[in-house]
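A short write-up of the structure that comes next.
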Amino acid sequence: MVFRNIPHAGQRWLGVFALVVALGSAVPALASPPPALFVTETGEPVSIEHLAEDLAERRFVLLGEKHDNPEHHEIQAELLHRMIAAGRKPALVWEMIERGKQAAVDTFRASGNTDPDAFAEAIGWADSSWPDWKFYRPIADAALAAGLPMIAGNLDAETVRSISQGDMIEADLRAALRLDEAVPEFVRDAVRDEVYRGHCGLIPRDKLSPMVAVQIARDASLAEAMVRAAGAADGAVLIAGGQHARRDTGAGFHLEHRFGGGNIASIGMLEGDLEIVWAGEEHAVPPGRFDYVWYTDPAQPDKDYCADLEARFKAFTKN
């Protein structure tokens, strides 16, 4: 299978190719730039072929993304294509689709329609807060063409509101997600740290408990959906943000330690300066967070997310 238009290290490789052409056989030709893909525990670089072979043997695969990076979604689609080509037909669990939309997902699949744009319309993607559908379209296209089960993994807005306000949620869902069972303190502390950083330190740590509770519940929801879906399919693949894909605190933790899932692989797609990455100076992700990390160039290198968030906070407090 051809690696579909993933730019890897981008334009900087044009100079390498030009040098190869100029020198002829003096240096070995590069068929394509290598991906900035590493085994997290050792920092050892690996190929897409090695990764795909590993994923084909895993029951549960978590593909963590940065939501607004199109390259991450191209990588997710390619890995899904490769799993399918290896004979796998896993269920695809979406963070981007709320559980209440599962009926719409099932109705669409039962219709036999494999048009990804029609799928987006059926689940009301345009009315959601997720990035443009064109980013996620290749993933849905691969899943629909292969007839994969598709599962809504996220919590509905009403459930999120109830959790954040400390109210009780529907008993069956609460039991299914095991929300009455306390998570280890180190997990709660790590989630709190990530929420604090994710909000650029603009919210005091002692005010973050509602957000932490929601994040943990969302991780549990995604993990439970994967286990439930895998019971009637050939394993499960999760499409979610990088924090959810973590094995030490995210859905990967709940999957393994709270829902009994095994044979797991987690890939964290991160943004970084690939010149620095390939110099060996920027791929030290703590062991246990992901099984693999895949660096790409930033999709929006000039965007200051914290400045944007601070401006929104100021506008909110004025109202």
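What shape does the range 90-129 take by its C-alpha gyration tensor, where a ≥ b ≥ c are the square roots of the eigenvalues and a/c under 1.5 counts as rounded, a/b above b/c as prolate, and the rest as oblate?
Oblate is the answer for the range 90-129, as a/c is 1.5 or above yet b/c matches or exceeds a/b.
At 1.306 mPa s and 10 °C, plugging the Kirkwood radius over alpha-carbon pairs of the range 112-254 into Stokes-Einstein gives what diffusion coefficient in µm²/s? Provide the component values of the computation, followed by the final result.
Numbers: Rh = 16.7 Å.
So the translational diffusion coefficient is about 95 µm²/s.
Counting only C-alpha contacts under 8 Å and six or more residues apart, can you give the relative contact order of the range 152-290 as a whole percent?
That works out to 21 percent.
Assuming a ≥ b ≥ c are the square roots of the Cα gyration tensor eigenvalues, decide whether the range 95-167 counts as rounded (a/c under 1.5), prolate (otherwise, with a/b larger than b/c) or oblate.
prolate
For L62, enumerate residues with amide H under 5 Å from its amide H, sequence gap 5+ or separate chain, H modeled in the peptide plane.
L238, A265, S266, I267
What is the dipole size for the range 107-256, taken about its Cα centre, with +1 at each Lys and Arg Cβ and -1 at each Asp and Glu Cβ, in debye to the nearest 20?
280 debye
How big is the dipole moment of the range 213-263 about its Cα centre under a simple scheme where the beta carbon of each Lys and Arg is +1, that of each Asp and Glu is -1, and everything else is neutral? Debye, nearest 20, please.
The dipole magnitude comes to about 80 debye.
Express in Å², to the nearest 10, the accessible area of S47 obtained by rolling a 1.4 Å probe over the protein heavy atoms while all chains stay in place.
50 Å²
With a 1.4 Å probe and all protein chains kept in place, how do S164, S111 rank by accessible area, largest first?
S111, S164
Between K207 and Q165, take the C-beta separation as r, use R0 = 22 Å, and let me know the FRET efficiency to the nearest 0.05.
0.95
Hey, what's the Cα Rg ratio for the range 194-288 versus the globular rule of thumb, 2.2 N^0.38 Å?
1.26
As I understand it, the dipole of the range 57-212 uses +1 on the Cβ of Lys and Arg and -1 on the Cβ of Asp and Glu, about the Cα centre. Which of V212, L202, A157 lies farthest toward its positive end?
Most positive-ward Cα: V212.
Quick one: compute the contact order of the range 65-135, relative version, from alpha carbon pairs under 8 angstrom and 6+ residues apart, as a percent.
Reported relative contact order: 40 percent.
Report the net charge of residues surrounding G241, where surrounding means a beta-carbon distance below 11 angstrom and charges are Lys +1, Arg +1, Asp -1, Glu -1. Please report the intermediate quantities before stating the final value.
Details: positive: K66, R218, R246; negative: E65, D68, E95, E194, D219.
Once positives and negatives cancel, what remains is -2.
Which of the residue pairs K66/K101; K66/K207; K89/K207; K134/K207 have a Cα-Cα distance greater than 32 Å in the structure shown?
K89/K207; K134/K207, as the Cα separations exceed 32 Å there.
What number comes out for the charge environment of A120, summing +1 per Lys or Arg and -1 per Asp or Glu over other residues with Cβ under 14 Å away?
Values: positive: K101, R109, K134, R137; negative: D115, D117, E121, D127, D132, D141.
In short, -2.
For the ranges 241-247, 131-137, 152-158, what's the packing order if you count other beta-carbon atoms within 10 Å of each residue, average per peptide, and put the highest first?
Going from most to least packed, we get 241-247, 152-158, 131-137.
Quick one: order E71, E98 from most to least accessible surface, probe 1.4 Å.
Accessible-area ranking of E71, E98, largest first: E98, E71.
The values are calculated or read from the model by the stated rules, or taken from the named source; none is laboratory data. Quick caveat, the model's predicted, so the values are computed rather than measured. Neighbour counts are summed over all protein chains in view; Cβ atoms, including those assigned to glycine, are modelled from backbone coordinates with ideal geometry. The accessibility values were calculated without ligands, DNA or RNA, using every heavy atom of the protein model including side chains. Shrake-Rupley method; radii C 1.70, N 1.55, O 1.52, S 1.80 Å.
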